[in-house]
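One structure below.
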Amino acid sequence: MSPRRALIFISTIAAALLAPVVARAQVSDTAVKAAFIPKFARYVTWPSNARAIANGPMAICVIGDNPFGDLLNRAAADEQVDGRNFVVRRLASAVGASNCAIAVVDGDHTGETLAALGRQPILTVTDSRSSSQRGIIHFAVVDGRVRFFIDNVQAQARGLTISSRLLALAIGVNQK
């Protein structure tokens, strides 16, 4: 076997062996984010007049792209807040989001979607993987771990109160 063919063979084998590891790491980050999202609701208080906290299940709305597949549905199925279950909805845009307690905004139009949500009492969640635009909670992978920033100013402007326990877990909090 020529040196060139040997190099191609070794490269092909290495790529085949590393592909599952890389895929698991990406799925793992996504699964961790999906698990966090319904848990955030335990540490947020919505204003009493918020439509999202009316009777029935709490809605987690994925607006735009859906990076989670079925992971968010499975994570939400295992959680309850104040005896209330979660329901996960998929929305193409912010239209119809007024009944959402949590809006996961992902995709090319993140900034526009966040602006369309305005100051509604909705906990917005974004991801540095897809946009630099930030919701109230903004995921980032730091040193190989899923972490998040919190914009408490945005939360307060929407009438949301975030527990100091959750604020303490963030790697950065905007309190200005």
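Just so it is clear, none of the values below were taken in a lab; they were calculated from the coordinates. All values derive from a computational prediction rather than experimental measurement. Here Cβ is always computed from backbone atoms with ideal geometry, including for glycine, and neighbour counts include all displayed protein chains.
I'd like the distance between the alpha-carbon centres of region 67-84 and region 114-153, rounded to an integer number of Å.
With region 67-84 and region 114-153 each reduced to a Cα centre, they are spaced 19 Å.
Using a/c under 1.5 as the rounded threshold, could you call region 30-174 rounded, prolate or oblate? The axes a ≥ b ≥ c are square roots of the C-alpha gyration tensor eigenvalues, and prolate needs a/b larger than b/c, oblate otherwise.
Cα axes put region 30-174 in the rounded bin.
Would you please give the residues with an amide H less than 5 Å from that of Phe148, counting only those at least 5 places away or on a separate chain, with H modeled from the backbone geometry?
Ala140, Ile171
I need the peptides 163-169, 40-46, 93-99 ranked by packing, meaning the mean over residues of other C-beta atoms within 10 angstrom, with the highest value on top.
Per-residue mean Cβ counts within 10 Å order the peptides as 40-46, 93-99, 163-169.
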